[in-house]
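Colleague: The structure is given below, and queries will be raised subsequently.
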Amino acid sequence: MTRKEFLKICGILGIGIPAQEILSACKTEELIPGNFKGKVVIIGAGAGGLSAGYFLKQQGIDFEILEASIIPGGRIRINTDFADFPIPLGAEWIETKTSIFSEIVNDSSVKSDIKTVSDSPDYKFVNYSWYNFFDDYIIPSVADKITYNSQVKSVDYTGEQISIKTINKEYKADKVVVSVPLKILKAGDINFIPAFPKDKLDAIKSSEIWDGFKAFFEFSEQFYEDEFETNIYDANDGQKIYYDATLGQQSSQNIIGLFTVGKPAGDFISHSESSLKEIILKELDGMFSNKATPNYKKHITQNWNKEPFIRGGYMSDYADWKTVKKLSESLRDKIYFAGGAYTDGEDWVSVHTASRSAKAAISEILKLS
Ligand SMILES: Cc1cc2nc3c(=O)[nH]c(=O)nc-3n(C[C@H](O)[C@H](O)[C@H](O)COP(=O)(O)OP(=O)(O)OC[C@H]3O[C@@H](n4cnc5c(N)ncnc54)[C@H](O)[C@@H]3O)c2cc1C
């Protein structure tokens, strides 16, 4: 059982996709130093934007990251005071091989020693998280290049130099890497001048973004089986899973997680905190012979739809790979895309795919003079 239910095209070789397309989609980009010497502005400091900055730094290229919120990380955010291990409010599982860490770090002189545990077919961090990984290995290289509280409102790429405007400042760049959630582009929060071409706009418009919600409940007693995971939604328009959130953690607490995206997340995103507590406890009481409510200690929730600069969970697992590929295509050798939604039509909506897409975007820039 996996959070994703299936691997996207790299895992389902042969389903109507030409072999060459599969091979190009599944290969990892290598960064080859090129002649590009200009300035790059990256919009968004999530896994995609941070990786893009990190790869540029490795190549000695001038860049800046503009982030609308006051913290880095986007959907890899964690809570550090609820439990004796970091609670992943967004990305939790490593949905690929653990060799991905050295691939993201992209520097054989840096040795990473990250403890993980199998949660087949994925992996989980042990008292660690995706956020901790970025905080340890990626953010230190780019921290002084991030400007927070800088919501980009417009990008004018008509002239030689690109003009990027926030409410109170204009930035100039030779290339822009767009790394905001797809929902932000869908909502038209950033005014691109000229507007994106029709095929790009069609791809943005037709992509379905699932709602996203997580909750963590602590109980005084463990009334459930160790490492349980129960999928209680069986359709292609979302997922809903209750699970032992302490799997693999060296924790003294009893914590159940709720992960839900898509249609079933709709049952949670519009409720107040007190009714969420009631709804979730009632559901757990139904699953565990009324043992949840009497053992309840505390809870936290994370409603991704309410985050002003995220506004949802992630693109549907069932998106069409050709549409996904279209989302990632650069425009006029000036605007590039990096992030969970802007992949090469391989896997999408994971942290590792966000980083890989950043590598692909930077690789494309490096090839230019
Ligand atoms: C509930 C949930 C569970 C998930 N579980 C997993 C998992 O287990 N494993 C996994 O690998 N992945 C998981 N994911 C997916 C993963 O979190 C994302 O694919 C990845 O973190 C996306 O990174 P990103 O950089 O594309 O976008 P984000 O992390 O969303 O970063 C985008 C950044 O852009 C900023 N921004 C937005 N608008 C502007 C603007 N106008 N100007 C400047 N900045 C702006 C935002 O503030 C944000 O910081 C999950 C996601 C959710 C929501």
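Colleague: Just for the range 116-146: of the residues that are buried (at least 19 other Cβ atoms within 10 Å of the Cβ), in contact with a Phe, Trp or Tyr (Cβ under 8 Å, 6 or more places away or on another chain) and among the aliphatic types (A, V, I, L, M), which one is nearest to PHE101 (Cα to Cα)?
Modeller: ILE138
Colleague: With respect to ASP344, is the statement that it is outside the structural domain of ILE184 (by TED's automatic domain parsing) and either of a type in the set (D, E, K, R) or on the phi > 0 side of the Ramachandran plot (or both) true?
Modeller: Considered against the rule, which asks whether it is outside the structural domain of ILE184 (by TED's automatic domain parsing) and either of a type in the set (D, E, K, R) or on the phi > 0 side of the Ramachandran plot (or both), ASP344 comes out as no.
Colleague: Take the range 207-237 and flag every residue that is within 20 Å of ALA319 (Cβ to Cβ) and surrounded by fewer than 20 Cβ atoms within 10 Å (Cβ to Cβ).
Modeller: The answer is GLU208, TYR233, ASP234, ALA235, ASN236, ASP237.
Colleague: Name the strands (runs of 3 or more DSSP E) wholly within the range 220-262 that hold at least 1 residues that are under 28 Å from GLU208 (Cβ atoms), within 12 Å of the ligand (Cβ to nearest atom) and in contact with an Asp or Glu (Cβ under 9 Å, 6 or more places away or on another chain)?
Modeller: Strands (runs of 3 or more DSSP E) meeting the threshold: 238-244, 254-262.
Colleague: Is it the case that the range 305-315 has a residue that's without any contact (Cβ under 8 Å) to a residue 60 or more places away in the chain and in contact with an Asp or Glu (Cβ under 9 Å, 6 or more places away or on another chain)?
Modeller: There is no residue in the range 305-315 that is without any contact (Cβ under 8 Å) to a residue 60 or more places away in the chain and in contact with an Asp or Glu (Cβ under 9 Å, 6 or more places away or on another chain).
Colleague: Restricting to the range 133-155, name every residue that is in a helix (DSSP H, G or I) and more than 14 Å from SER51 (Cα to Cα).
Modeller: The one that is in a helix (DSSP H, G or I) and more than 14 Å from SER51 (Cα to Cα): ASP144.
Colleague: Hey, among GLY312, GLY345, which residue is touching a Phe, Trp or Tyr at 6+ places or on another chain (Cβ under 7 Å), more than 8 Å from the ligand (Cβ to nearest atom) and part of a loop (DSSP other than H, G, I, E, B)?
Modeller: Details: GLY312 fails: more than 8 Å from the ligand (Cβ to nearest atom).
Among GLY312, GLY345, only GLY345 is touching a Phe, Trp or Tyr at 6+ places or on another chain (Cβ under 7 Å), more than 8 Å from the ligand (Cβ to nearest atom) and part of a loop (DSSP other than H, G, I, E, B).
The values are calculated or read from the model by the stated rules, or taken from the named source; none is laboratory data. Remember, predicted model here, so these are calculated numbers, not experimental data. No Cβ is skipped: glycine too gets one built from the backbone with ideal geometry, and neighbour counts run over all protein chains shown.
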